[in-house]
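Comments concern the structure below.
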Amino acid sequence: MVDLLDTLPEIERVGLMNYKNVNGFPWIDLTLAKGQAGNFHCFDNTWHEEFNLISVVCSKTENEAVPAAQIIFLIELAKKLGWELVKEENDSSEETDIVIWKPL
């Protein structure tokens, strides 16, 4: 997974488990994590092979929607990894966050 992320022109690695947008691409922050049973963690001692979740924080429009350019990027990333793109909702059923994950 990390090898693939390192090749994408829209993002660049920042540390062991974070990626951010490059200049010219809308603001996005990706954090690699290990998720299981509804919980996840991000520790420096987690091996890259253990990561099965990418937490996404990105810019949103005035009505809290994720811009199309980022949705397209995230859909393509999920496809390349063979993982699922999931829109998480808050208690009022409004779309709030996006994660890309591979169930264990």
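The values are calculated or read from the model by the stated rules, or taken from the named source; none is laboratory data. Note that the structure is predicted; figures quoted are calculated from it, not measured. Neighbour counts run over all protein chains shown; Cβ positions are idealised from the backbone, glycine included.
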Among what's in region 59-98 and is part of a strand (DSSP E or B) and at pLDDT 85 or above, pick the residue that is surrounded by the fewest Cβ atoms within 10 Å (Cβ to Cβ). 84
Across region 1-32, what is the number of residues that are in a strand (DSSP E or B) and either at pLDDT below 85 or touching a helix residue (DSSP H, G or I) at 6+ places or on another chain (Cβ under 8 Å) (or both)? 6
